[in-house]
Amino acid sequence: MSLRKLGVAIAGAAFILAAMPAKADKAYVYGQWLPPKHNVNLWGLKPLVKELGDKGIKWKLVTGGQLFKAKGTLKGVGNRTAEAGLVVPSYHRTQLKHAFIISDLLMIGRNELIMNGAAHETMMLECPECMNDYKRQGLIYLAGYGVGGYSMLCRTMVTKYTDIKGLKIRTTGALGRWAKRLQGIPVSMSMSDTPEAIKRGNIDCIAGPVAWLKSYPIVDSIKSVLNYGLGSYSGLGLFVMNRKAWDAYSDKQKRTMWDAMPGTIARTVIDGYVGDDLISRQMAKKQGIKITKTGSKMLDIWNEHKKGEVALAVKNASKMKAKNPQSIADKFVANVKKWEKIIADAGLENAIANATPERSSLAKASAIYKGLMIKHIYSKIDPTKL
């Protein structure tokens, strides 16, 4: 064989090897920007990594933005800087224009358990366009979660909704419209930049759940919480994986991964966020942070506000040339109503209402929610055919 032909053969072999997926028995990396002690990591992902490791599937969790920040997740997972990550659709609206419709409807509901269940059912069973958004980025959506119970966490004393007027409020997505409704000034920024911004006074309030007092280093900057518990951001990509990395798994490994997702979702939403909410209220009391629960007037404002949210979400999606945005929105709204009954029939609201800051008190609720995710969603999908 001539040297020229040998060189061509070597180059061709190198190209083939480079194009082949990496062996699935190596340790994959899950990268995201949340602080190491954030509840998503402590209750969702760390136990998942251990569970999978015990079953021979190796993962390494890299937190705190060491690999990429929130807005770099799609690219970072797509190019395999990490094999999986946490995706916030608001930061990738053009790439995830169908999936974002669900996130953009965060103000139509107020219970994260309901909204999260409805989001999963819509995306994974009824919205191929949503799943194809991820597919086009070289990714696969395996699990999500919902954040709920939004309030105003403020560095000044805010005890009624009229106090919000003129304040700069950290928001994302539809929360910006809500801030405007309350006559506040929405400021869009990632949560990784928010603790410093609230500390320096670049913003006055954070539109977020009470649980964030524990999840992020903001408790020393907050003086008051206007607690109204409205809205739930669902459709967050808790476990979004590189498609080639997923394809490298055997069918058995895919099933093991799939079976681990419902428990991870339940721990993240209930043990993580609900648990941190209970603990955050204790922290607030010790820190002298005043928590004021709003009355019926705020509920009236919310009920009026949410009337136009579906039309706005559809309009936003249409501007990005999304296909069938009205159908996707309608399916999600219908599933929210469906999951209201599912959650009520399961007795989950009572189980949570009786919980204490002791994490063990949430074990029953977490187990019930895991079962609901399996029954209504995960048991209906064959992961080997995704």
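Brief remarks on what is shown
- Solvent exposure of the chain as accessible area per residue, Å², 1.4 Å probe: 43
- Considering only the chain, percent of DSSP beta bridges that pair antiparallel, nearest 5: 55
- A cut-off of 5 Å between modelled amide H atoms, ignoring neighbours fewer than 5 places along the same chain, links Leu61 with Tyr30.
- Taking the square roots of five times each eigenvalue of the Cα gyration tensor of the stretch 88-170, the equivalent ellipsoid has semi-axes of 31, 15, 10 Å, listed largest first.
- Helix 112-121 vs. the chain, principal-axis angle (Cα, 0 to 90°, nearest 10): 30
- Estimated vicinal HN-Hα couplings, Hz - the stretch 323-340 in sequence order (Karplus 6.51, -1.76, 1.60; Gly, Pro = x): 8, 6, x, 5, 5, 5, 4, 5, 5, 5, 4, 5, 6, 4, 5, 4, 6, 4
- Convex hull volume per residue in cubic angstrom - Cα atoms of the stretch 304-386: 170
- Taking the convex hull of Cα positions in the stretch 39-135, its mean projected area over all directions (nm²): 7.2
- Where N is the number of residues in the stretch 251-354, Cα Rg divided by 2.2 N^0.38 Å: 1.50
- Too-long pairs where the Cα-Cα distance tops 27 Å, listed order kept, from Lys37/Lys375; Lys97/Lys341; Lys135/Lys306; Lys97/Lys160; Lys199/Lys286: Lys37/Lys375; Lys97/Lys341; Lys135/Lys306; Lys97/Lys160
- Rounded to whole Hz, the Karplus (6.51, -1.76, 1.60) HN-Hα couplings of the stretch 158-175, x for glycine and proline: 10, 10, 8, 5, 5, 6, 6, 3, x, 7, 8, 10, 5, 9, 8, x, 5, 5
- Convex hull (Cα only) mean projected area of the stretch 165-321, reported in nm² to one decimal: 12.1
- Between Gly235 and Tyr145, the built amide H atoms are under 5 Å apart, and every one of these is 5 or more places off in sequence or on another chain.
- The distance linking the stretch 121-194 with the stretch 283-342 is 10 Å (Cα centroid to Cα centroid, whole angstrom).
- Debye equation applied to the C-alpha atoms of the chain, log10 I(q)/I(0) at 0.06 Å⁻¹: -0.24
- Estimated from helices alone, the mean residue ellipticity of the chain at 222 nm is -13000 deg cm²/dmol (sum of -39500 (n - 2.57) over DSSP H runs with n ≥ 4, per residue).
- q = 0.10, 0.17, 0.19 Å⁻¹, the stretch 172-262: log10 I(q)/I(0) [Debye, one scatterer per Cα]: -0.43, -0.82, -0.93
- Residue pairs exceeding 27 angstrom between C-alpha atoms, taken from Lys252/Lys331; Lys180/Lys297; Lys71/Lys168; Lys71/Lys165: Lys252/Lys331; Lys71/Lys165.
- Across the accessible surface of the stretch 52-160, with the other protein chains kept in place and a 1.4 Å probe, carbon and sulfur atoms take up 46 percent.
- When peptides 68-80, 270-282 are sorted by average Cβ neighbour count within 10 Å, with the highest value leading, the order is 270-282, 68-80.
- Karplus-derived 3J(HN,Hα), 6.51/-1.76/1.60, for each residue of the stretch 355-361, Hz, glycine and proline x: 6, 10, x, 5, 4, 4, 6
- The H on the amide N of Ile206, modeled in the peptide plane, is under 5 Å from the matching H of Leu153, Cys154, Arg170, each at least 5 residues off or on a different chain.
- Calculated FRET value between Leu312 and Arg200, using beta carbons and R₀ = 35 Å, to 0.05: 0.65
The values are calculated or read from the model by the stated rules, or taken from the named source; none is laboratory data. This one's a predicted model, so the numbers in the text were calculated from it and none came from an experiment. As a convention, Cβ positions derive from the backbone with ideal geometry for all residues, glycine included, and neighbour counts pool all protein chains shown. Only protein heavy atoms, including side chains, enter the accessible area calculation; ligands, DNA and RNA are left aside. Shrake-Rupley method; radii C 1.70, N 1.55, O 1.52, S 1.80 Å.
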